[in-house]
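Below is one structure, written out as structure tokens; the observations come after it.
Since every read-out is calculated from the coordinates, none of them should be taken as a lab result. Keep in mind it's a predicted model, so treat the numbers as computed, not measured. Cβ: placed from backbone, ideal geometry, glycine included. Neighbour counts: every protein chain shown.
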Amino acid sequence: MLLKLVRKSGGCDDTLEKQIEHDVTELGKRGIRAIAVAKTTSIGATDKDDVWQMMGLLTFLDPPRPDTKETVRLAKENGVAVKMITGDHLLIAKETSRCLDMGGIIQTAEGLPLLDPETKAKPANLGRDHGDKFLAADGFAQTYPEHKYLIVEGLRELGYRVGMTGDGVNDSPALKRADVGIAVFGATDAAKAAADIVLTQPGLSTIVDAILIARRIWCRVRSFLTYRIAATLQLLCFFFIAVFAFRPDEYMPEDWQHDPEFMDTKAWPPFFHMPVLMLMLITLLNDGTLITIGYDFAVAPRTPPIWNMRFLFSMAFVQAFVAMISSVNLLYILLHSWDDNSMMRKMGLGGLSYGKITTSIYLKVSVSDFMTLFSARAGGDWFFQVKPAPILMCGAMFAVSCSTCFAMFWPKSYPDGIQTEGLERSPPYMLQVFVWSWSLGWWLVEDAAKVLCRWIVHKYNIFDINNSGVMVLTDSAEKLQQKMRIESENPSAGHH
């Protein structure tokens with residue numbers, strides 16, 4: 001504008017104008033802003049007769065902070081697409097993008113949508129009509145505040161979660177509309193009011209830290225939900241099947257009242273159930289251990305995590321199903337302990353009292369629940385691939401030790417009319433070793449089934465599980481990006 005005014009007043013010829021444009025362009029290529037300075041020389045009685053004379057150029061350099069390039073690199077490394085939206089000149093934006101390794105496809109605001117002049121409403125089908133351009137470009141220069149707002153809104157319409165950083169009043173609309181608006185250190189009051197997060201120290205590296213912390217929290221919540229669903233399904237399904245599928249009184253010796261080896265003085269119940277006290281102990285110890293998962297180690301995923309509840313339920317169901325099957329099989333084996341050729345007889349553990357059967361199932365269910373926690377917290381990986389936190393290990397060891405001691409030294413009694421007896425109260429004395437071995441063996445099967453389930457789901461993209469949350473270009477956006485890259489490398493190509 002100033003150059004046009006100077007030329008109109010006669011204070012600038014063609015040679016000087018070309019020289020100024022050349023200098024401004026060269027400075028812009030180096031990321032330096034330039035402001036023209038002129039003064040008037042009065043030659044008449046009115047201002048209209050004044051002649052403007054060019055005095056020179058004032059240059060301003062606003063380089064990125066030293067940590068910005070590393071922040072951009074780490075964000076991309078963690079699956080976050082980074083785009084630049086600035087009001088600066090295109091040349092300055094390209095130089096800044098080059099310095100930060102943000103990509104060379106920087107577009108001007110030409111062709112970007114605007115708000116309706118009268119209603120101030122966004123264009124209809126914003127994401128559909130302009131989404132390819134928003135996705136393909138690495139950044140936009142010479143933009144107005146409404147451009148920033150509409151770019152953010154267009155990416156949100158495409159289904160992406162958008163974070164926006166800014167410091168000025170012109171960034172406020174976009175900060176307000178973004179899923180996460182971040183006002184940087186030294187931002188204006190308007191930007192702070194519109195943002196969700198306000199940085200209190202210079203630099204952007206905190207943003208990557210926040211992303212990784214959030215992802216670790218997400219991992220802990222996922223572990224909590226997976227374990228809680230798996231443990232609940234295991235208990236409900238097992239007791240449901242046990243109640244209707246087994247009649248303990250049918251597994252007693254035929255002449256049990258006169259059998260010298262049979263130690264029980266009462267007939268076994270017509271259906272299997274456990275004392276409420278034992279169920280409460282299982283729940284109490286499990287919940288106490290589960291609290292420690294909030295302090296567990298968690299590895300942040302390398303891509304933005306997405307809640308896929310169908311996949312989460314399927315993983316929890318697989319773990320619960322294996323644990324439930326192992327408990328049902330153990331109950332079946334224990335009830336057959338009086339058969340002559342039974343598995344328990346062959347191991348020297350035959351002829352169990354009903355109280356020991358009840359206590360053995362209590363120990364099995366408790367141990368399986370605790371082991372399921374270590375499997376669930378690892379996600380789809382093997383349990384040994386994700387190191388547990390010391391507090392989680394201590395909590396689990398304490399709970400397992402309590403359950404084992406309860407099972408071993410439980411007094412012979414009849415809570416809720418159900419016979420119970422500690423595993424160490426009478427022979428055989430190695431029953432707890434068998435129950436523990438059975439639980440650990442089936443836990444390895446459970447963990448393997450979980451890993452296999454994840455492999456199958458990922459291989460065939462069941463539940464759309466391979467949607468990692470990373471920005472993916474559509475075919476039309478890829479073609480547009482190739483066209484933009486050619487025009488960016490050879491600006492004259494876009495004008496033929």
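Here is the link list: 148/479; 18/148; 364/387; 29/192; 192/483; 29/148. Which ones come out longer than 28 Å on Cα distance? Before the final figure, lay out the partial values.
Values: 148/479 24 Å; 18/148 33 Å; 364/387 24 Å; 29/192 32 Å; 192/483 38 Å; 29/148 23 Å.
From the list (148/479; 18/148; 364/387; 29/192; 192/483; 29/148), the Cα-Cα distance tops 28 Å for 18/148; 29/192; 192/483.
Using only the C-alpha atoms of region 68-210, find the volume of their convex hull and express it per residue in Å³. Mind showing how you got there, number by number?
Numbers: hull volume 15.5 nm³, N = 143.
Dividing the Cα hull volume of region 68-210 by its residue count gives 108 Å³.
Two decimals, Cα atoms only, Kirkwood Rh: what is Rg/Rh over region 216-318? The partial results should precede the final answer.
Details: Rg = 21.0 Å, Rh = 17.4 Å.
Using Cα coordinates only, the ratio equals 1.21.
What ranking, highest mean first, results for peptides 121-127, 60-66, 84-90 when packing means the other Cβ atoms within 10 Å averaged over each residue? Write out the running numbers ahead of the final one.
Working: 121-127: 14.0, 60-66: 10.9, 84-90: 19.1.
Averaged packing, sorted descending, gives the order 84-90, 121-127, 60-66.
Sort 194-201, 164-171 by the packing proxy (mean of other Cβ within 10 Å over each peptide's residues), most packed first. Intermediate values should be presented prior to the final figure.
Details: 194-201: 15.9, 164-171: 20.8.
Sorting 194-201, 164-171 by mean packing, highest first, produces 164-171, 194-201.
For Cα pairs less than 8 Å apart in space and 6+ apart in sequence, what is the mean separation divided by the residue count of region 180-320, i.e. the relative contact order in percent?
Across region 180-320, relative contact order equals 30 percent.
As I understand it, the value is the acute angle between the Cα axis of helix 14-29 and the longest principal axis of the Cα atoms of the chain; what does it come to in degrees, rounded to 10?
Here the helix axis deviates by roughly 20 degrees.
In the set [x] -0.38, -1.29; [y] -0.55, -1.23; [z] -0.60, -1.18, which value of log10 I(q)/I(0) by the Debye sum over Cα atoms at q = 0.07, 0.13 Å⁻¹ was calculated from the structure you see?
[z]
Round to the nearest 10 and give me the degree value, 0 to 90, for the angle of helix 475-489's Cα axis relative to the longest principal axis of the chain.
40 degrees
Mean residue ellipticity at 222 nm from the helices of the chain, using -39,500 (n - 2.57) per DSSP H segment of n ≥ 4 over the full residue count, to the nearest 500 deg cm²/dmol?
On the way: 16 runs with 256 residues, N = 496.
The helix contribution divided over the chain gives -17000 deg cm²/dmol.
What is region 216-464 by shape, rounded, prolate or oblate, if you read a ≥ b ≥ c off the alpha carbon gyration tensor as root eigenvalues and call it rounded for a/c under 1.5, prolate for a/b larger than b/c, and oblate otherwise? It would help to have the intermediate numbers written out before the result.
Values: a/c = 2.49, a/b = 1.99, b/c = 1.25.
Because a/c hits 1.5 or more and a/b exceeds b/c, region 216-464 counts as prolate.
On a 0 to 90 degree scale, rounded to 10, what angle separates helix 126-136 from the longest Cα axis of the chain?
Orientation of helix 126-136: about 90 degrees from the principal axis.
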